[in-house]
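Reviewing the structure listed below.
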Amino acid sequence: MPPDVDEKVPAVEPGVPCHLDSVLHSTSLRTQELIRNLERFTATESLIHEEFTPDGQPAAKELRTFNYLAELGVSRPGYLNVEEYRDGDPAPADFPGNIVTHGLPSLVLLFHPTQAPNFNFVCEG
C-alpha cells in the first residue's frame, strides 16, 4: 500500500521567525480582495475520479464536466455568503463516485476579518 498522506509530515525550517499577526493581517486583506475580484464567476469544472485496488493499483477512472457558477459576497455586515451552482443542481449520482464537492470556495473565507477571530491560528514557521 502507498503510505498514508499524513504519515510523513515535513519539518519546518528551525529558527525562522513566523509573525502570526502579520501573516493573518496580510491573509485577511487578500481574502477581502478575492471576494471583490470573484464576486461572481463562472467556469467549466472538470472532475477526475480514480478508484484504486486495495494494493494501490489504478482500477477505474472517470471524468465529468460541469458548467459552474459561484457567488461570493457579504450578505450583511459580518455575514459572508457562498453559493455554488452546477448544471442546474445535479444529484450526488451525477458526480463521479457519488462524491459531491460542495463548499470548497468557502474555506478561504475563514481568513476574512469577520471570521478569523472564531479560529485559533498557529504559525509553525
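The values are calculated or read from the model by the stated rules, or taken from the named source; none is laboratory data. Source: prediction; values computed, not measured. Heads up, the Cβs are rebuilt from the backbone with ideal geometry, glycines too, and the neighbour counts pull from every protein chain shown.
Annotations
- Subset of segment 56-72 [farther than 16 Å from Phe111 by Cβ and not charged (D, E, K, R)]: Gly56, Gln57, Pro58, Ala59, Ala60, Leu63, Thr65, Phe66, Asn67, Tyr68, Leu69, Ala70
- Filter result for Val74 (within 30 Å of Val122 (Cβ to Cβ), of a type outside the set (Gly, Ala, Ser) and surrounded by 12 or more Cβ atoms within 10 Å (Cβ to Cβ)): yes
- Residue-level analysis places Thr53 outside the set of residues that are of a type in the set (Val, Ile, Thr), exposed (fewer than 11 other Cβ atoms within 10 Å of the Cβ) and modelled with pLDDT of 90 or more.
- Residue selection: Val5 fails the criterion of being loosely packed, with under 10 Cβ neighbours inside 10 Å, touching a residue at least 60 places away in the same chain (Cβ under 8 Å) and under 26 Å from Phe119 (Cβ atoms).
- The set of residues from segment 77-107 being surrounded by 13 or more Cβ atoms within 10 Å (Cβ to Cβ), among the β-branched types (Val, Ile, Thr) and modelled with pLDDT under 85 comprises just one member, Val100.
- Subset of segment 15-26 that is outside any loop (DSSP other than H, G, I, E, B) and among the aliphatic types (A, V, I, L, M) - its residue that is nearest to His112 (Cα to Cα): Leu24
- Lone unmet requirement of (1) surrounded by 10 or more Cβ atoms within 10 Å (Cβ to Cβ); (2) part of a loop (DSSP other than H, G, I, E, B); (3) of a type outside the set (Lys, Arg); (4) under 19 Å from the mean Cα position of the chain (by Cα) for Val12: (4)
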